[in-house]
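Everything below concerns the one structure shown next.
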Ligand SMILES: NC(=O)c1ccc[n+]([C@@H]2O[C@H](COP(=O)([O-])OP(=O)(O)OC[C@H]3O[C@@H](n4cnc5c(N)ncnc54)[C@H](O)[C@@H]3O)[C@@H](O)[C@H]2O)c1
């Protein structure tokens, strides 16, 4: 809910948001969350602060984290700055006594991310990482059919993130995107980390990764295309491709070839559902229900939250219930570890093995 003098804040998380790019999705989510009060935001950019205040005139907008923390008695903040600043600001915030929700990835390398985990342990503050695609509606029957054994063992996973990003996207906001120092990489780190996270959710612990990367269609420092093959402790294998050079409108494709069936998704929608022994009617029914995407699903399942709304709701519940958030800093580190290994493999020409 939004801050106003009339709001009774007892029992609610007093929430602040640092960075007003994707931070505006956190704003929208906090504004409708019944477990927190959006008390303040901060951004160095005057235009973004003014746009925010045009929509939310009663919520104060500060320049910096320090100004916001000094002026407001906050319980928690979202860190929505360029990636290479995440760990520094997350640690500062936890040391100043607030719980922290960090946008993905935790930072640009595993080494830079580790102090966030240490700070959470040392301060006792909650630290969550944003991976909102875990709540994509089309995944529901897949998670279920994997956990109850209906699909059987996974033999092969294919994951392809084929997105379009133009030159203006990379040039915007000081040009931090696509740089190693502030974005940690290109199409794999920035756009595909959500799908790497889903791959780990679906396929379990990886054993090794072998990757190649290319810079094909942009004037950036890192990559705009990667191809990887992975092996998993379960014995399964996967391919993972990422690019920001695709024709506009092409999305994310996921497929699982399993012992008892085959399932495929396009972003948040189920596109194929084939189960040994299932009738065509049963398959069609599953597709009709789960091929609608998150927006329509929101209407279908009243009360269910998707995307950033679900992440903020879970994070505030974790604070109020004194439990770990759905994606803790330790868990948020895993996709970052895989991506850094992919870059190491592409640079060295070697297969990288995970401990
Ligand atoms: N979960 C998702 O789907 C998703 C989507 C987009 C971006 N992201 C992540 O969110 C992060 C931010 O991305 P973005 O697209 O919003 O970037 P952005 O450049 O649009 O926004 C960053 C904001 O931070 C502000 N800022 C920079 N330094 C600051 C400082 N020291 N103090 C206060 N404000 C400061 C900038 O003025 C800018 O408004 C990145 O890590 C990105 O990977 C996640």
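Entry remark, region 51-84: residues being assigned to a helix (DSSP H, G or I) and touching a strand residue (DSSP E or B) at 6+ places or on another chain (Cβ under 8 Å) number 7 in total. Taken over region 224-246, the residue count meeting the criterion of being outside any strand (DSSP E or B) and surrounded by fewer than 21 Cβ atoms within 10 Å (Cβ to Cβ) is 4. The set of residues from region 308-323 being out of contact with any strand residue (DSSP E or B) (no Cβ under 8 Å at 6 or more places or on another chain) and surrounded by fewer than 19 Cβ atoms within 10 Å (Cβ to Cβ) comprises 310, 317, 321, 322, 323.
One residue stands out among those in region 173-194 that are surrounded by fewer than 22 Cβ atoms within 10 Å (Cβ to Cβ) and in contact with a strand residue (DSSP E or B) (Cβ under 9 Å, 6 or more places away or on another chain): the one that is nearest to residue 220 (Cα to Cα), which is 191.
Scan region 309-322 and give yes if some residue there is in a helix (DSSP H, G or I), over 16 Å from residue 34 (Cβ atoms) and not assigned by TED's automatic domain parsing to the domain that holds residue 21, otherwise no.
First, the residues of region 309-322 that are in a helix (DSSP H, G or I): 309-321.
Narrowing further to those that are over 16 Å from residue 34 (Cβ atoms): none.
Checking region 309-322: not a single residue is in a helix (DSSP H, G or I), over 16 Å from residue 34 (Cβ atoms) and not assigned by TED's automatic domain parsing to the domain that holds residue 21.
Among residues of region 187-208 that are under 18 Å from residue 166 (Cβ atoms), those with a beta-carbon under 7 Å from a residue that is in a helix (DSSP H, G or I) at least six positions away or on a different chain give the pairs 190/183.
Give region 10-29 a look and list any residue that's over 14 Å from residue 100 (Cα atoms), crowded, with 18+ Cβ neighbours inside 10 Å and more than 16 Å from the ligand (Cβ to nearest atom), or say none.
Taking region 10-29 first, the residues over 14 Å from residue 100 (Cα atoms) are 10-12, 20-22, 24-25, 27-29.
Retained after the next criterion (residues that are crowded, with 18+ Cβ neighbours inside 10 Å): 12, 20, 24-25, 27, 29.
Listed by number, the list holds a single entry, 12.
Restricting attention to region 169-217, the residues that are closer than 24 Å to residue 82 by Cα and assigned to a helix (DSSP H, G or I) total 18.
Has region 239-261 got any residue that is more than 19 Å from residue 196 (Cβ to Cβ) and free of Cβ contacts under 8 Å to residues at least 60 places away in the same chain? Looking for residues that are more than 19 Å from residue 196 (Cβ to Cβ) and free of Cβ contacts under 8 Å to residues at least 60 places away in the same chain, one finds none in region 239-261, hence no. For residue 272, the conditions (1) outside any strand (DSSP E or B); (2) touching a strand residue (DSSP E or B) at 6+ places or on another chain (Cβ under 7 Å); (3) more than 23 Å from residue 339 (Cα to Cα) all hold with the exception of (1). Taken together, the residues in region 144-172 that are more than 30 Å from residue 263 (Cα to Cα) and either modelled with pLDDT under 95 or exposed (fewer than 13 other Cβ atoms within 10 Å of the Cβ) (or both) amount to 4. Scan 7, 32 and give me the residue that is surrounded by fewer than 21 Cβ atoms within 10 Å (Cβ to Cβ) and touching a helix residue (DSSP H, G or I) at 6+ places or on another chain (Cβ under 7 Å). The unique qualifying residue is 32.
For region 247-263, the count of residues that are outside any loop (DSSP other than H, G, I, E, B) and within 16 Å of the ligand (Cβ to nearest atom) is nonzero.
The values are calculated or read from the model by the stated rules, or taken from the named source; none is laboratory data. Keep in mind the model is a prediction, meaning the values are calculated, not measured. Neighbour counts run over all protein chains shown; Cβ positions are idealised from the backbone, glycine included.
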